[in-house]
Each structure stands twice: as C-alpha cells, then as structure tokens.
C-alpha cells in the first residue's frame, strides 16, 4: 500500500525536473531520490512471498534482475541523450527528452502495477 500511494510523488517530482530543465538543481534531484526510495520496500515483500528455503534464492534473483535492469535503463537513457544531441538538440533538451521517456515508461509500469493489485 505504501508503494501504491507514495510512488506517484516521485513521478511528480521527476516531471518538475523535466519542466525546470537547468533550473532543477541538486535539491530537486535529492527530492526525487528520497521520494523514490519507497520502492526498496518491495525487496522484503518478495522474500515473504516464498517459502523460507527459497527466500535467499528469490532475493538473489531479485538483486540480479534489479542491477541488470538499472544498468540497462541507464544505458538507454545515455543512448537517447546521445541520439538527441546528434539530431541537434541542446544538452538540456536531450536530458529532458530522455527523462520524459523514462517518466512515461515509469507511469506505464505503475499503471500495470495498479492493474495487478487492484483488489488490495
């Protein structure tokens, strides 16, 4: 429930970062990080959904998936920034484009999460 109700706050902050561009600064990114930390609550929930014998394996798999996904997302964001720059966008605009795409995909993922958990 906590993730369900607090995760959208991070999306609002990321949207503000995209809109503010250069003016966002460290404070906005700090707020984004602090509001996104709620997603870490999913890790213990994963372990609790498996029998005790499998909890360690489930957490290991989750961590591998998480680190691989993080690498992939960062790589794609970098590719979008480079692609935008090659098309003539400014550095700031390139970051805004890549973060906008990331935000859109985050919102789609959140809507999928809500669909799966609509009875809770």
One residue is enough: does the stretch 104-116 have a residue meeting the conditions part of a loop (DSSP other than H, G, I, E, B) and out of contact with any strand residue (DSSP E or B) (no Cβ under 8 Å at 6 or more places or on another chain)? no
If you go through the stretch 64-74 one residue at a time, do you hit one that is more than 15 Å from the chain's Cα centre (by Cα) and assigned to a helix (DSSP H, G or I)? yes
Residue in the stretch 9-16 that is in a helix (DSSP H, G or I), touching a residue at least 12 places away in the same chain (Cβ under 8 Å), farther than 24 Å from residue 117 by Cβ and under 19 Å from the mean Cα position of the chain (by Cα) present: yes
Of everything in the stretch 21-40, what is surrounded by fewer than 13 Cβ atoms within 10 Å (Cβ to Cβ) and under 19 Å from residue 109 (Cβ atoms)? Give them in sequence order. 33, 37, 40
Filtering the stretch 47-57 down to residues that are surrounded by fewer than 14 Cβ atoms within 10 Å (Cβ to Cβ) and either in contact with a strand residue (DSSP E or B) (Cβ under 6 Å, 6 or more places away or on another chain) or in a helix (DSSP H, G or I) (or both) yields 48, 52, 53, 54, 56, 57
Would you mind finding the one in 84, 36 that is under 19 Å from residue 21 (Cα atoms) and touching a helix residue (DSSP H, G or I) at 6+ places or on another chain (Cβ under 6 Å)? 84
Being farther than 27 Å from residue 9 by Cα, at pLDDT below 95 and surrounded by 11 or more Cβ atoms within 10 Å (Cβ to Cβ) is the filter here; which residues of the stretch 58-103 pass it? 58, 61
Where a residue in the stretch 21-48 is at positive phi and at pLDDT 90 or above and its partner, wherever it lies, is outside any helix (DSSP H, G or I) and surrounded by fewer than 11 Cβ atoms within 10 Å (Cβ to Cβ), with Cβ under 7 Å and at least six apart: none
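The values are calculated or read from the model by the stated rules, or taken from the named source; none is laboratory data. Nothing here was measured: the structure is a model prediction, and the numbers come from that model. Heads up, the Cβs are rebuilt from the backbone with ideal geometry, glycines too, and the neighbour counts pull from every protein chain shown.
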